[in-house]
Amino acid sequence: MKKNIVVGNWKMNLKKIDAINLVNNVLSLELLDDVEVVFAPSSIYLSKVNEICSHYSSVNTASQDISFNNNGAYTGEVSAEMVRSLGVKYTIIGHSERRDYFNETNKELKKKVDLAILNDLKVIFCCGESQKQRESGEYFHYIKSQISESLFHLDNKHFSKIVIAYEPIWAIGTGKTASPDQVEEVHKYIRGIIKDRYNESLAINCSILYGGSCNPSNSRELFSQKNIDGGLIGGASLNPQSFVDIINSF
Ligand code: 13P
């Protein structure tokens, strides 16, 4: 069954005490039962945040990334195996900030996806076009290549572990949100290519999240679209009330 999911991607923010306070503050507020809440803190806080979340049903954690190697001499890297050993359920893979600043390619991301699956982590796979690609109209083609080159080698069973997050780069951290119609159009397209590659049931059951300046004043309208199953939230997830308002706007 497709789930509604709201993920807070804290990116490289917060000192330890602020991270602990943020998760406790969110969890002290009333949250809709049928929405899965996921916190994606810095990997150095993941163990602590996961421990706090483990007392709540429907509240989980994600790493913001994993290494493209499973273990070995890769100084500074964090592997899927390490993340899973904490009891963490998800990892984000392919965030546009990783693609842009760390030159991550579809081919490398495919390796990360395989390592996540091998280690029993579910994947929140990010895709999305630049402003230039949006304006030139090539965004469908670009998004399809991101998804097909990193995910479509998976068999049906493994594809069922994938959550897609559509994050148009031009809307991330800019205050410019894609309109509900623009997002719905892309989400519908993504569901269509999943159906073509796999089948209708996998397509229907795949949660497709939106990210990019999502906040309490636009989340209700976004989440009311047929193909928008939640959000991957950056800035607004750092404020407990805003994050909870987004979660509760289904
Ligand atoms: P903002 O919500 O700050 O635009 O960030 C979106 C994002 O990149 C979440 O991963």
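Its Cα centre serving as origin, segment 24-93 has a Cβ charge dipole (Lys and Arg +1, Asp and Glu -1) of approximately 220 debye.
Annotation: amide H-H contacts under 5 Å for Ala165 (H modelled 1.01 Å from N, sequence separation of 5 or more, or interchain): Phe125, Cys126, Cys127, Leu209. Within segment 1-57, the trypsin sites (Lys or Arg not before Pro) that combine a DSSP coil assignment with at most 11 other C-beta atoms in a 10 angstrom radius are Lys15. Segment 104-179: which trypsin sites (Lys or Arg not before Pro) are DSSP loop and have at most 14 other beta-carbon atoms within 10 angstrom? Passing sites in segment 104-179 are Lys176. Distance from the alpha carbon centroid of segment 122-139 to that of segment 46-95 works out to 25 angstrom.
Whole-Hz Karplus values for segment 213-227 come out as 6, 6, 8, x, 8, 10, 5, 4, 5, 5, 6, 7, 6, 4, 9 Hz, taken residue by residue from phi with 6.51 cos²θ - 1.76 cosθ + 1.60 and θ = phi - 60°; glycine and proline positions read x. Can you give me the % of accessible surface on the chain that is carbon or sulfur? Probe 1.4 Å, all protein chains present, nothing else counted. Answer for the chain: carbon and sulfur cover 49 percent of the accessible area.
Projecting label points 7 angstrom from Cα along Cα→Cβ for Leu118 and Tyr74 puts them 0.9 nm apart. Quick check: from the Cα gyration tensor, does segment 14-100 come out rounded (a/c under 1.5), prolate or oblate? Prolate, because a/c is 1.5 or more and a/b exceeds b/c.
Residues whose amide H comes within less than 5 Å of that of Thr91, counting only those at least five positions distant or on another chain, are Ser63, Lys122, Val123, Ile124 (H built at 1.01 Å from N in the peptide plane).
Accessible surface area normalised per residue over segment 100-244 is 44 Å², counting heavy atoms of protein chains with a 1.4 Å rolling probe.
Of the chymotrypsin sites (Phe, Trp or Tyr not before Pro) in segment 14-96, not one is in a loop by DSSP (not H, G, I, E or B) with at most 10 other beta carbons within 10 Å. The mean sequence separation of alpha-carbon pairs under 8 Å and at least six residues apart, normalised by the residue count of the chain, gives a relative contact order of 21 percent. Mean-square fluctuations from a GNM of the chain, with a 10 angstrom spring cutoff on Cα atoms, peak among Leu32, Leu151, Leu46 at Leu32. Near Val38, the amide H atoms lying under 5 Å from its own belong to Val6, Val7, Gly8, Asn60; only residues 5 or more places off or on other chains count, and H is placed 1.01 Å from N. With each label modelled as a point 7 angstrom along the Cα→C-beta vector, the Glu138-Gln241 pair spans 4.5 nm. Phi angles of segment 145-161 translate, via the Karplus equation with coefficients 6.51, -1.76, 1.60 and θ = phi - 60°, into HN-Hα couplings of 5, 4, 6, 5, 6, 10, 10, 6, 7, 5, 7, 4, 4, 6, 5, 5, 8 Hz per residue; Gly and Pro are given as x.
Solvent-accessible surface of protein heavy atoms, probed at 1.4 angstrom with all chains present, puts Thr75, Thr105, Thr177, Thr91 in the order Thr75, Thr105, Thr177, Thr91, largest first.
The values are calculated or read from the model by the stated rules, or taken from the named source; none is laboratory data. Keep in mind that what you see is a predicted model, and the values were worked out from it rather than measured. Cβ: placed from backbone, ideal geometry, glycine included. Neighbour counts: every protein chain shown. Side chains are part of the model used for accessible areas, which takes the heavy atoms of the whole protein and leaves out ligands, DNA and RNA. Shrake-Rupley method; radii C 1.70, N 1.55, O 1.52, S 1.80 Å.
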